[in-house]
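> I'd like to ask some things about the structure below.
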Amino acid sequence: MPRGGARVVSGPPPDPNSLKQMALKDGWSTLPAEGRTGPAPEWPLVSAQPRELELWESMWSRPQAVAWERLGQEIEVAMFCRKLAEAELPKASVELQKVVRQYLDSLGLSVQGMLRNRWRIAAAAAGPEQAAAVAQPRRRASARDRLKVVPSGEGA
């Protein structure tokens, strides 16, 4: 096992609202909320079960598919579809479920995976009220704001 040094998943995930991350020119990729348009690529593996093809079509309409296409990850997505179809079967092994979880993270299909890949999904078209709420994060109350004034009484 390697010793010392940073690992791929060591430490907290990157924060998209961090000022340091915002300062980076190529830090975060914004994926379209409507997902990838167009037909799914051709199945890259030897053969496919019907459930694998269902998953394949579904995966290629997600926002993450824009990045997969740019990165040429067709084989990884196909392998994920195959393993997910196997993991859905009754009495699937825990090891297989762990593999599916790893694929979820590496393909950016989980929240943790989105953070690790530095991907965020664009906000869907919203009204002006919703856009203003998203643009201005809620300010936490300070310690002074949380203090409560208790009137001094005779019976205290």
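> Could you list all residues from region 63-109 that are more than 17 Å from the chain's Cα centre (by Cα) and closer than 15 Å to Pro44 by Cα?
Gly72, Glu74, Ile75, Ala78, Met79, Cys81, Arg82, Lys83
Okay, residues lined up against (1) closer than 18 Å to Gln73 by Cα; (2) at pLDDT below 90:
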{"residue": "Val8", "(1), (2)": "no, yes"}
{"residue": "Leu19", "(1), (2)": "no, yes"}
{"residue": "Leu45", "(1), (2)": "yes, no"}
{"residue": "Pro50", "(1), (2)": "no, no"}
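> A further question on this structure: For a quick check of your reading: which helices (runs of 4 or more DSSP H) sit entirely within region 41-112 and have at least 2 residues that are open to solvent by 90 Å² or more (accessible area, probe 1.4 Å)?
Per the criteria, 50-59, 64-71, 94-106.
The values are calculated or read from the model by the stated rules, or taken from the named source; none is laboratory data. Worth saying up front: this structure is predicted, and the values here are computed from it rather than measured. For the accessible areas, the whole protein counts, side chains as well, though only heavy atoms, and no ligand, DNA or RNA atoms are used. Shrake-Rupley method; radii C 1.70, N 1.55, O 1.52, S 1.80 Å.
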